[in-house]
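See structure below.
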Amino acid sequence: MTTTTSPPLAVAAHGLHKSFGDKVVLDGIDLTVPEGTIFSLLGPNGAGKTTAVKILSTLLRADAGELRVGGHDLAVAPQAARAVIGVTGQFSAVDGLITGEENMLLMADLHHLSKAEGRRTAAELLARFDLTEAAGKPASTYSGGMKRRLDIAMTLVGAPRIIFLDEPTTGLDPRSRHTMWGIIRELVRDGVTVFLTTQYLEEADELADRIAVLHDGRIAAEGTADELKRIVPGGHVRLRFTDPDAYRSAAVALREATPDDEALTLQIPSGGSQRELRAILDWLDAAGVEADELTVHTPDLDDVFFALTSTDRPNRSNQPNQPNQPKESVR
């Protein structure tokens, strides 16, 4: 009999709590991030994403909670945790008054690298991020995408095993955003763990192995992108007809369908599984009817986000987790 072991955890938080005065920002949240994965924390503005990153990257103290980063207890060994992490914040740490290369060498000095090692590391990272040609130019002349690439390159000078990226693509154009996604994927292929906060739901869908949605200081739901999409109702199959007689025959055969007589379409509640689609096609074949168009509509992360962060959404924090469902409202 073979046994499988879970990968070690790069980040583990249990009961993380933080308040500023009377305002509770993080209300006892639990998070676990296995090594070598991308974890994305989603949430509306003010949800506490940046506060969570600041606490886990030792820039801010938690009020309560058991926190381990890189295997180190943040309460007793924050310096050891700092040695294995890198942080790229919402706002660029790039100094626009000096060149890209000088920014890199400054980081090398901060990491106490020798001059020779610092220059070698800077040159390698500038080449990796396609910044060699611009290395001698003032960083103030860089585009937004170039500054972001330089920012991450600076973060990598100390060869961190865990990187916190706080909304790294905010303000970037679509091409620069896709370039950044490629960089993030490459980091993970090299064994780095990425803790990502973002407001771009497509970004989380594209990159993250697991996603947690933060709302009102609590984790509203957590799971893979596909798991999260399944907790939101509204998936359906849409059949379109051009022949009114075929449309009416299909409506009789598919009694669960919602008809649209003007558009000659039928909408059938469905999760879009192969079994459900086969059943619909079997019904149509049995009725001797053929649809002109069949489309499957499933909820996306936008639907999940709006459903979970709606202000009139009931508090589900005390509901048990359901089998094969993402963890909802851990605390």
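The values are calculated or read from the model by the stated rules, or taken from the named source; none is laboratory data. Please read these numbers as outputs of a predicted model, since none were measured by experiment. Heads up, the Cβs are rebuilt from the backbone with ideal geometry, glycines too, and the neighbour counts pull from every protein chain shown.
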(request) Working only within the stretch 104-142, note down all residues that are among the β-branched types (Val, Ile, Thr) and either surrounded by 20 or more Cβ atoms within 10 Å (Cβ to Cβ) or farther than 24 Å from residue 179 by Cα (or both). (result) 121
(message) Looking at the stretch 149-168 only, could you name the residues that are out of contact with any strand residue (DSSP E or B) (no Cβ under 6 Å at 6 or more places or on another chain) and either touching a residue at least 12 places away in the same chain (Cβ under 8 Å) or among the charged types (D, E, K, R) (or both)?
(response) 149, 150, 153, 154, 156, 157, 158, 161
(request) Select the helices (runs of 4 or more DSSP H) contained entirely in the stretch 23-135, then report the ones holding at least 2 residues which are closer than 30 Å to residue 217 by Cβ and among the hydrophobic types (A, V, I, L, M, F, W, C). (result) 49-56, 78-82
(request) State whether one or more residues within the stretch 198-207 are in a strand (DSSP E or B) and more than 24 Å from residue 15 (Cβ to Cβ). (result) yes
(message) Checking the condition under 23 Å from residue 188 (Cα atoms) and touching an Asp or Glu at 6+ places or on another chain (Cβ under 7 Å), which residue from 34, 7 passes?
(response) 7
(request) Take the stretch 237-250 and flag every residue that is surrounded by 19 or more Cβ atoms within 10 Å (Cβ to Cβ) and in contact with a strand residue (DSSP E or B) (Cβ under 9 Å, 6 or more places away or on another chain). (result) 237, 238, 239, 241, 247, 250
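To keep it simple, each residue is scored yes or no on (1) more than 30 Å from residue 27 (Cα to Cα); (2) at pLDDT 85 or above.
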{"residue": "228", "(1), (2)": "no, yes"}
{"residue": "251", "(1), (2)": "yes, yes"}
{"residue": "261", "(1), (2)": "yes, yes"}
{"residue": "268", "(1), (2)": "yes, yes"}
{"residue": "298", "(1), (2)": "yes, no"}
{"residue": "315", "(1), (2)": "no, no"}
{"residue": "322", "(1), (2)": "no, no"}
(request) Mind counting the residues in the stretch 47-80 that are crowded, with 17+ Cβ neighbours inside 10 Å, charged (D, E, K, R) and in contact (Cβ under 8 Å) with a residue 24 or more places away in the chain? (result) 2
(request) Give the residues of the stretch 240-267 that are in contact with a Lys or Arg (Cβ under 8 Å, 6 or more places away or on another chain) and either among the charged types (D, E, K, R) or under 25 Å from residue 230 (Cβ atoms) (or both), sorted by residue number. (result) 265, 266, 267
(request) Restricting attention to the stretch 169-218, report how many residues are in contact (Cβ under 8 Å) with a residue 40 or more places away in the chain and within 11 Å of the chain's Cα centre (by Cα). (result) 18
(request) Taking only the stretch 223-280 into account, find how many residues are part of a helix (DSSP H, G or I) and of a type in the set (Val, Ile, Thr). (result) 2
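Residues checked against (1) in contact with a helix residue (DSSP H, G or I) (Cβ under 6 Å, 6 or more places away or on another chain); (2) within 18 Å of residue 32 (Cβ to Cβ):
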site: 57; (1), (2): no, yes
site: 63; (1), (2): no, no
site: 66; (1), (2): no, yes
site: 70; (1), (2): yes, yes
site: 77; (1), (2): no, no
site: 82; (1), (2): no, no
site: 87; (1), (2): no, no
site: 90; (1), (2): no, no
site: 98; (1), (2): no, no
(message) For the list (1) over 30 Å from residue 46 (Cβ atoms); (2) assigned by TED's automatic domain parsing to the domain that holds residue 69; (3) not hydroxyl-bearing (Ser, Thr, Tyr), I need the number of the one condition that residue 150 fails.
(response) (1)
(request) Only one of these is touching a helix residue (DSSP H, G or I) at 6+ places or on another chain (Cβ under 8 Å) and of a type in the set (D, E, K, R): 210, 189, 161, 119. Name it. (result) 119
(request) Could you check how many residues of the stretch 132-168 are over 24 Å from residue 113 (Cβ atoms) and over 20 Å from the mean Cα position of the chain (by Cα)? (result) 4
